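Below is one structure, written out as structure tokens; the observations come after it.
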Amino acid sequence: MRPDLILWDWNGTLLDDVALCNDALNRLLARYGYPQRYDREGYRAVFGFPVQEYYARAGFDFARHSFDELAVSFMDDYIPASAACPLADGARDALDAFAAAGLRQVILSASPVTTLRRQVEERGVARYFDRLLGLGDIYAKSKVDLGLAYLRETGFDPGRAVMIGDSVHDFEVAQALGVACVLQSGGHQSAAALRATGAPVTPGLREAAQWILEGGNKDV
């Protein structure tokens, strides 16, 4: 069944910021005197939500430096550098395909809403979205509350909505919202980690859009 609503994750899904986040993590480790560094696959292996647990897996000692201090330092590095991040491969094609099909599109992101709005506008894609849902601070705690509030406000049937993301957390959010989920493996977590959720996993956004628009009636 074709949905009425697409709930998009932003970072690592529509915005290709994986290399930047990997580099910013390594710079943060260096800045605070940690010896370990992560290549792309190592980064994707430790990344996840909650962010505080991801930082702990990466090796930060909160007894030495608080999570709040580390999060602020990371974002001070990430935000200005993110202006150079492109849209993910296939993002415009997927957005166009859903728009042509008459589906409503919303971004549901753990980014601060001011950062999200700026990043979307910088890339000229704001026109695709009915709403940009982002958090009020930099600590990335609850996309679930945002999504539930949006569904209540609009009256959308969760059974006619699909979340598209790139992380295990996006699947968990979709489960909490009662919506379907499709994960694409070009973002912040590996295909193996995503497949362990049991959700459909595609190699990219074009394939995700095609699978959704065809009603999810074939294996991916």
Net charge over other residues, Cβ less than 12 angstrom from the Cβ of ASP89 (K, R count +1; D, E count -1): -1
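Mean separation of Cα pairs under 8 Å and 6+ residues apart, divided by the residue count of the range 1-98: what relative contact order is that in percent?
About 41 percent, as a whole number.
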Hull volume in cubic angstrom per residue (convex hull over the Cα atoms of the range 28-82): 87 Å³
Within the chain, helix-based [θ] at 222 nm, where runs of 4 or more DSSP H residues each add -39,500 (n - 2.57), nearest 500: -13500 deg cm²/dmol
Within the range 149-220, trypsin sites (Lys or Arg not before Pro) in DSSP loop having at most 11 other beta-carbon neighbours inside 10 Å: LYS218
Normalised convex hull volume, the chain, alpha-carbon set, Å³ per residue: 110 Å³
Long-range amide H partners of LEU15 with built H, under 5 Å: ALA88
Potential lengthening between ARG195 and ALA99 on full extension [0.36 nm per residue; Cα-Cα distance subtracted]: 31.8 nm
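Readers should treat all values here as calculations from the given coordinates under stated rules, not as data from a laboratory. The model shown is predicted, which means the values in this text are computed figures rather than measured ones. We place every Cβ from the backbone using ideal geometry, glycine too, and count neighbours over all the protein chains shown.
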